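These notes are about the structure you will find just below.
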Amino acid sequence: MEMEIIPKKNHFNWFKMFWQGFTHMTKYGKTLWVLVILKLIIMFFILKPIFFPKYLNEKFTSDNDKASYVCTELFERSLKE
Amino acid sequence: MDLLLNSAMVNWSRAQFAMTAGYHWLFVPLTLGLAIIMSIMESIYVKTGDESWKRATKFWQKIFGINFAIGVATGIILEFQFGTNWSNYSWFVGDIFGAPLVIEGIVAFFLEATFISIMFFGWNRVSKKAHLTATWLTTIGATLSAYWILVANAWMQYPIGMEFNPDTVRNEMTDFWALVSSSVAINKFFHAVLSGWGVAASFVVGISAWYLIKKRHIDFALKSIKMGAVFGFISFVLLAVTGDGSAYQVSQKQPMKLAAMEGLYKGQAGAGLIAVGVLNPKKESFDDDVNPYIFKITIPKLLSYLGYRDLNAFVPGIKDIIYGGYKLQDGTTALSFAEKKERGQKAVEALVNYKAAKEDGRISDVEVFEKELRDNYAYFGYSYLENPEDNIPNVHITFYSFHVMVIIGMYFILLFLVIWIYGRKKKLHSSRWLLYVGLWSIPFAYLAGQLGWIVAEVGRQPWTIQDVLPVKAAVSNLGTGHVLTTFILFAVMFTALLVAEVTIMVKQIKKGPEEIHNDDITKTVESKSKEK
């Protein structure tokens with residue numbers, strides 16, 4: 001007696017795809033993810049707030065003050081006639 | 001703090017940006033190029049059903065993934081620096097410069113990030129065509145990212161589509177489409193993307209050559225090396241075309257950069273292009289009579305043609321640009337450095353006077369100063385340059401970067417052509433010398449990419465925004481120590497990332513491509529031998 005070949009139905013499911021993808025990752029894939037997450041944490045939670053604050057936002061709150069400051073800076077640094 | 005005396009801070013800020021941009025450009029070209037190579041391979045697999053192409057696609061996709069993962073967000077570091085180290089620049093032009101960066105982040109990156117998940121996790125979970133679509137959309141997303149970043153960079157080289165608002169002290173966008181469709185942006189986009197294709201082609205060819213040398217995964221390696229060679233040949237030929245376009249754009253919009261690229265101090269009609277040359281280190285001033293070259297081989301009239309599409313066109317040299325007086329393409333006479341500086345100073349003074357008049361309520365004075373500002377704004381940046389030498393980029397760096405880049409480009413056209421021919425004649429196996437050449441050529445493709453950016457960015461010094469804002473006016477009033485600290489931090493971090501990438505990549509390359517298993521069809525077959 002022969003049985004029919006029954007193709008397994010694949011209903012696409014985003015969650016399942018991600019879940020299976022992450023849980024079945026190879027060692028190199030997991031290493032990469034660790035590196036990516038570590039890198040993003042260092043960049044956004046250490047480097048950015050500690051070493052790269054927005055200079056003008058730290059000194060001034062209003063746009064008028066920032067504009068005045070930049071205008072003064074541009075004038076002071078220029079070579080006057 | 002007197003910025004004019006604190007050049008160390010300016011230089012460290014420049015060095016930090018250059019270093020982080022240089023590191024970023026180690027990862028991006030391979031992403032751009034491998035994306036299209038794996039898309040083409042997967043297209044062949046879907047069309048032919050040949051599983052060996054699926055195997056090849058999955059291998060190069062793995063390498064793409066490693067490079068993408070390590071390289072991702074290295075570009076964001078550049079954006080961090082705008083707000084901290086370059087605050088005057090950020091305020092002055094952020095309204096225009098910020099827009100393409102935001103679009104890049106929202107549109108292109110999310111397109112890439114969404115479909116990349118299907119690309120990696122979706123094998124055997126979605127149909128072949130759906131997976132192929134995801135791969136191509138990832139490629140398009142990565143390429144779109146490049147477009148918006150290059151729109152931003154092109155605007156710095158050729159600022160258009162904006163108007164200066166003296167009240168806010170900001171350049172404000174008046175024509176978004178002028179920015180997006182700038183001829184400089186479009187040419188730069190094609191040139192930069194093609195350079196990525198060239199890097200990836202050399203990478204694929206080199207790694208495939210290694211497998212052939214080791215006599216491993218022969219079928220995969222032959223398929224990859226042949227495709228890589230064809231793709232690389234086409235890429236580098238097109239690079240020559242877009243490079244020609246770049247030279248044309250530079251001659252029109254940044255003549256000083258072109259003069260530095262060629263070491264051209266004294267302008268000429270029917271100027272030749274230097275194919276090979278050595279600059280004279282004894283030439284210390286643009287104004288002395290010392291011969292700029294120790295040695296050169298020139299292709300007659302080619303520089304005039306490249307720059308102005310006229311074999312006899314006058315190409316201004318550094319001295320001509322400083323002293324002015326020569327006829328421009330539009331028929332007007334070029335201003336001298338001294339004249340531009342005078343007009344720049346008028347613009348800056350007018351800005352300050354405008355603001356003072358506005359504060360005092362002197363309406364008629366406001367109008368006068370606003371007109372004076374607008375009439376002279378095109379030369380705003382010249383008010384910061386003391387001497388003519390301040391207007392000249394480093395000629396040696398620009399010249400050698402340009403010429404070595406072109407020589408490497410020509411080399412790769414020849415290399416890929418030879419590999420292509422040997423591949424067709426089925427002689428690759430037995431030509432170990434050629435395989436070793438292919439393998440050891442990989443770093444040269446990366447070098448060419450870096451040199452191209454050095455030409456673009458060193459060649460436009462002293463400008464952050466051409467003619468409008470020089471570097472010394474763009475930097476924040478920070479202490480040198482702060483910039484030096486972050487420079488060292490980045491150097492350590494990026495070097496660690498690079499070592500990690502190379503280590504992981506070498507391990508995966510040594511492992512080689514995996515065998516393909518079809519596990520998406522559950523077969524239940526129970527056959528009984530026919531009863532007789």
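Results for (1) at pLDDT below 95; (2) of a type in the set (A, V, I, L, M); (3) surrounded by fewer than 23 Cβ atoms within 10 Å (Cβ to Cβ); (4) in contact with a Pro (Cβ under 6 Å, 6 or more places away or on another chain), shown as yes or no for each residue.
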| residue | (1), (2), (3), (4) |
| --- | --- |
| B:LEU4 | yes, yes, yes, no |
| B:VAL10 | yes, yes, yes, no |
| B:PRO29 | no, no, no, no |
| B:ILE36 | no, yes, yes, no |
| B:ILE40 | no, yes, yes, no |
| B:ALA73 | yes, yes, yes, no |
| B:GLU79 | yes, no, yes, no |
| B:TRP91 | yes, no, no, no |
| B:ASP95 | yes, no, yes, no |
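Quick one: in region A:11-23, which of the residues that are part of a loop (DSSP other than H, G, I, E, B) and within 9 Å of chain B (Cβ to nearest Cβ) is modelled with the lowest pLDDT?
The first filter runs over region A:11-23 and keeps only residues part of a loop (DSSP other than H, G, I, E, B), leaving A:11-13.
Add one more test, that the residue is within 9 Å of chain B (Cβ to nearest Cβ), and what stays is A:12-13.
Values: A:PHE12: 70, A:ASN13: 78.
Of everything passing the filter in region A:11-23, A:PHE12 is modelled with the lowest pLDDT.
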### Task
Among the residues of region A:29-81, write down those that are exposed (fewer than 13 other Cβ atoms within 10 Å of the Cβ) and either touching a residue at least 60 places away in the same chain (Cβ under 8 Å) or small (Gly, Ala, Ser) (or both).
A:SER62
### Query
Quick check: anything in region B:312-322 in contact (Cβ under 8 Å) with a residue 40 or more places away in the chain, surrounded by fewer than 18 Cβ atoms within 10 Å (Cβ to Cβ) and within 20 Å of B:SER246 (Cα to Cα)?
yes
### Task
Would you be able to tell me the number of residues in region B:43-96 that are facing chain A (nearest Cβ under 8 Å), free of Cβ contacts under 8 Å to residues at least 40 places away in the same chain, of a type outside the set (Phe, Trp, Tyr) and under 18 Å from B:HIS482 (Cα atoms)?
1
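Is it true that B:PRO513 is closer than 30 Å to B:PHE64 by Cα, within 14 Å of chain A (Cβ to nearest Cβ), crowded, with 20+ Cβ neighbours inside 10 Å and modelled with pLDDT of 90 or more? Quick ask: steps written out before the conclusion?
Numbers: closer than 30 Å to B:PHE64 by Cα: yes; within 14 Å of chain A (Cβ to nearest Cβ): yes; crowded, with 20+ Cβ neighbours inside 10 Å: yes; modelled with pLDDT of 90 or more: yes.
Judged against the criteria, B:PRO513 is a match.
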### Residue check, B:HIS403 at pLDDT 95 or above, assigned to a helix (DSSP H, G or I) and surrounded by 17 or more Cβ atoms within 10 Å (Cβ to Cβ)
yes
### Task
Please indicate, with yes or no, whether at least one residue in region B:49-66 is out of contact with any Ser or Thr (no Cβ under 9 Å at 6 or more places or on another chain), part of a helix (DSSP H, G or I) and within 19 Å of B:VAL193 (Cα to Cα).
yes
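Would you point out which residue out of B:ALA473, B:ALA456 is more than 23 Å from the chain's Cα centre (by Cα), more than 25 Å from B:VAL506 (Cβ to Cβ) and either surrounded by 18 or more Cβ atoms within 10 Å (Cβ to Cβ) or not assigned by TED's automatic domain parsing to the domain that holds B:PHE286 (or both)?
Working: B:ALA456 fails: more than 23 Å from the chain's Cα centre (by Cα).
B:ALA473 is the lone residue from the list that is more than 23 Å from the chain's Cα centre (by Cα), more than 25 Å from B:VAL506 (Cβ to Cβ) and either surrounded by 18 or more Cβ atoms within 10 Å (Cβ to Cβ) or not assigned by TED's automatic domain parsing to the domain that holds B:PHE286 (or both).
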### Task
Go over the candidates B:ASN376, B:ASN387 one by one and state the one that is buried (at least 19 other Cβ atoms within 10 Å of the Cβ) and either farther than 21 Å from A:LEU74 by Cβ or within 14 Å of chain A (Cβ to nearest Cβ) (or both).
B:ASN376
### Query
Out of all the residues in region B:206-245, which are surrounded by 20 or more Cβ atoms within 10 Å (Cβ to Cβ), more than 18 Å from B:GLY423 (Cβ to Cβ) and small (Gly, Ala, Ser)?
B:GLY243
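The values are calculated or read from the model by the stated rules, or taken from the named source; none is laboratory data. If you're wondering where the values come from, they're calculated on a predicted model, not measured in any experiment. Virtual Cβ from ideal backbone geometry, glycine too; neighbours counted across all protein chains shown.
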